[in-house]
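Structure record follows, encoded as structure tokens.
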Amino acid sequence: MARRGTSEINAGSMADIAFLLLIFFLVTTTMDQDTGIQVQLPPSELPDDPPDIPERNLFEIVVNANNDMLVEDEYMEIEDLREAAKAFIDNNGEGSCTYCNGNQDPKSSDKPNEAILSIALDNSTTYDMYITIRNELNAAYRELREDLSQTLYGKPYNDLSEDERKDIEAKYPLVISEPKPLQS
């Protein structure tokens, strides 16, 4: 009786196939990139004579090492920050803003393009708290711009032309000051 030999699988091209699959998946896979926070850095040289900013146009947010937040020298929860920022920005303290809907509090900002939001953090403040504060402030501006877009143009801010967006952004410019972190 003749014995049959064991059949073998030719694996010579298996490495080539694995290599081609690896290249295929590397080329076709997309990687998510963290974009971070878009922040305009200050100029490298500060002016010799900084401009005088009336205190009423400065919205001060101070956060300590325990992530406790003081807004305008009063304790505030993060949930209330957006509405407080909107009320400050849209105040119309001097009464000359035709598109503002604020209370015209003489102790608050004169008009939106003079409002400055200041975030002073402790060295030990968590990054999450900082991001949450920035998100709330950005959302306040987004809502104000959206409302003005609907009022002036009758359409959402995202549907505006570039010139219309620039007009809205000039009326509600996002100005955030971040002084050096406080030492705990």
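Just so it is clear, none of the values below were taken in a lab; they were calculated from the coordinates. Remember, it's a predicted structure, so these values are computed and weren't measured experimentally. Note: ideal-geometry Cβ built from the backbone for every residue, glycine included; neighbour counts use all protein chains shown.
At a glance:
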| quantity | calculated |
| --- | --- |
| Lys pairs under 27 Å by Cα in the chain, provided they are eight or more residues apart or on distinct chains | 14 |
| Computed [θ] at 222 nm, helices only, for the chain once each DSSP H run of length n ≥ 4 contributes -39500 (n - 2.57) | -11000 deg cm²/dmol |
| Candidates Gly93, Gly12, Gly154: whichever shows maximal mean-square fluctuation once the chain is modelled as a Gaussian network with Cα springs under 10 Å | Gly12 |
| Amide H within-cut-off set for Ser177, under 5 Å, with H built and near neighbours excluded | Leu117, Ser118, Ile119 |
| DSSP-defined antiparallel bridges as percent of all bridges, the range 48-184, nearest 5 | 35 |
| 17 Å reach of a label modelled at Glu146, 7 Å along Cα-to-Cβ, counting backbone N of the range 65-89 | 80-87 |
| Helix axis angle, 127-153 relative to the chain longest principal axis, alpha carbon, degrees | 70 |
| Degrees separating the helix 14-28 axis from the principal Cα axis of the chain, which is the longest one | 20 |
| Nonlocal amide H pairs with Met69, under 5 Å, H built at 1.01 Å | Met76 |
| Solvent-free Debye scattering, log10 I(q)/I(0), computed from the Cα coordinates of the range 61-184 at q = 0.12, 0.15, 0.21, 0.23 Å⁻¹ | -0.48, -0.72, -1.16, -1.29 |
